[in-house]
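Novice: Can you keep this structure in mind? I'll have questions shortly.
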Amino acid sequence: MFSRSLRQSLLASGLLFGCGAYSAAQQNPHPPTLSTPRAAENPASSDQVSLQQDVEYGVQGGDKLLLDVYQPAQSSSKPCPAVVLIHGGSWMSFDKGTMRGMGNFLARWGFVAVSVNYRLLHGSENRWPAQLDDVQRSVRWLRANAAKYNVDADQIGSFGHSAGAQLAALLGMEDTRDNSDPALAKYSSRVQAVVDVSGPSDFLTNHDPDGDAMLANFFGGDFTKLPDVWRSASPVYHVEKSNAPFLIVHGTGDQDVPIAQAQELYDKLHQAGVPVTLIKLDDGHTFQTPEARHRLAVETMMFFNRYLGVNP
């Protein structure tokens with residue numbers, strides 16, 4: 001897991017959601033091979049998106065936790081569903097800016113999209129589960145500020161790529177781990193729908209020396225010494241019938257996170273009775289082809305429209 005020129009792959013992943021998904025869907029938002037939900041029949045134009053950058057949602061270790069809010073510029077008579085966007089980068093690189101394309105895309109279709117930064121691993125600083133605590137906090141912050149951003153607090157989803165997909169998955173499975181902030185104590189961090197793109201799901205399988213060394217530092221110890229930590233970070237071991245619905249999208253040629261990870265998560269969710277769809281695309285970890293990016297964008301919009309409902 002996370003093998004084969006990890007750094008090159010992570011650098012390429014910055015291109016995945018920077019503009020590709022948005023541009024591809026903008027060129028042809030009604031592909032003939034896909035059914036189009038009602039919300040897609042009359043989307044806002046591409047310039048009808050309001051963006052608020054670097055909004056503070058918390059402070060950890062003296063550093064501000066920031067997020068960007070993408071909203072439909074035209075006001076709605078009722079609160080909008082929201083999606084928390086979580087970037088990849090092996091939990092140690094990139095930031096919320098890599099999700100700007102998906103943020104714009106979802107806001108065009110009537111969602112409030114919130115792209116979040118979270119603490120990144122630096123040497124031995126910010127080890128797991130700092131990242132989970134941060135993204136859970138972002139969901140709770142969004143609920144606490146739902147009225148300000150015209151968000152339906154009961155209809156929030158998560159979308160993540162690679163390392164961000166692991167975090168997005170846990171948002172649809174786990175309750176709040178750190179409930180020490182009294183200002184957010186009454187707000188849930190659980191989301192109502194999850195899109196998992198190229199994400200790892202089981203850290204106890206697919207071992208290789210380079211990946212294991214990185215993960216051992218991330219988790220604070222080798223998997224033979226801290227199996228409970230490695231297991232607790234693995235979405236497949238949190239599968240229950242109460243999990244949020246999942247859309248899993250993975251490349252058949254992914255050399256960094258094997259597609260077997262996606263299949264294992266799909267199988268366990270399906271067996272538990274959780275609504276889940278697995279889409280296998282003929283591409284790699286970061287989806288380089290316009291066709292794959294287009295399919296991802298449209299399937300994401302359709303999935304969130306179904307389970308969060310711009311036009312239920």
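Novice: Filter Lys148/Lys280; Lys96/Lys280; Lys96/Lys148; Lys225/Lys268; Lys64/Lys268; Lys186/Lys280 down to the pairs with a C-alpha to C-alpha distance above 32 Å, please. Before the final figure, lay out each step's value.
Specialist: Numbers: Lys148/Lys280 38 Å; Lys96/Lys280 26 Å; Lys96/Lys148 21 Å; Lys225/Lys268 26 Å; Lys64/Lys268 37 Å; Lys186/Lys280 38 Å.
Where the Cα-Cα span goes over 32 Å, the pairs concerned are Lys148/Lys280; Lys64/Lys268; Lys186/Lys280.
Novice: If you don't mind, there's one more thing I want to ask. Could you put Ser90, Ser188, Ser242, Ser198 in order, starting from the residue whose Cβ has the fewest other Cβ atoms within 10 Å?
Specialist: Values: Ser90 22, Ser188 15, Ser242 11, Ser198 31.
Final ranking by Cβ density, sparse to dense: Ser242, Ser188, Ser90, Ser198.
Novice: Near Lys78, which aspartates and glutamates are there with a Cα under 14 Å away, not counting those fewer than 8 places off in the same chain?
Specialist: Partners within reach: Asp152, Asp154.
Novice: Still on this structure, please answer the following. Quick one: order His207, His122 by neighbouring beta-carbon count within 10 Å, fewest to most. Present the calculation step by step, with values, prior to reporting the outcome.
Specialist: Working: His207 12, His122 9.
Taking fewest neighbouring Cβ atoms as first place, the list is His122, His207.
Novice: Inverting the mean 1/r over all pairs of different Cα atoms, compute the Kirkwood radius of region 6-307 and quote it in Å. Don't skip to the end; give the middle numbers.
Specialist: Working: mean 1/r = 0.0524 Å⁻¹.
Its Kirkwood hydrodynamic radius stands at 19.1 Å.
Novice: For labels at Asp54 and Asp175 in the simple 7 Å Cα→Cβ model, what's the distance in nm?
Specialist: Between Asp54 and Asp175, the label points sit 3.8 nm apart.
Novice: Give, as ranges by residue number, the residues of region 253-297 whose backbone N falls under 17 Å from the point 7 Å along Cα→Cβ of Lys241.
Specialist: So the set is 268-276.
Read-outs: derived from the displayed coordinates by stated rules, not from any lab. Since we're looking at a predicted model, the values are computed, not measured. Note that each Cβ is placed from the backbone with ideal geometry, even for glycine, and that neighbours are counted across all protein chains shown.
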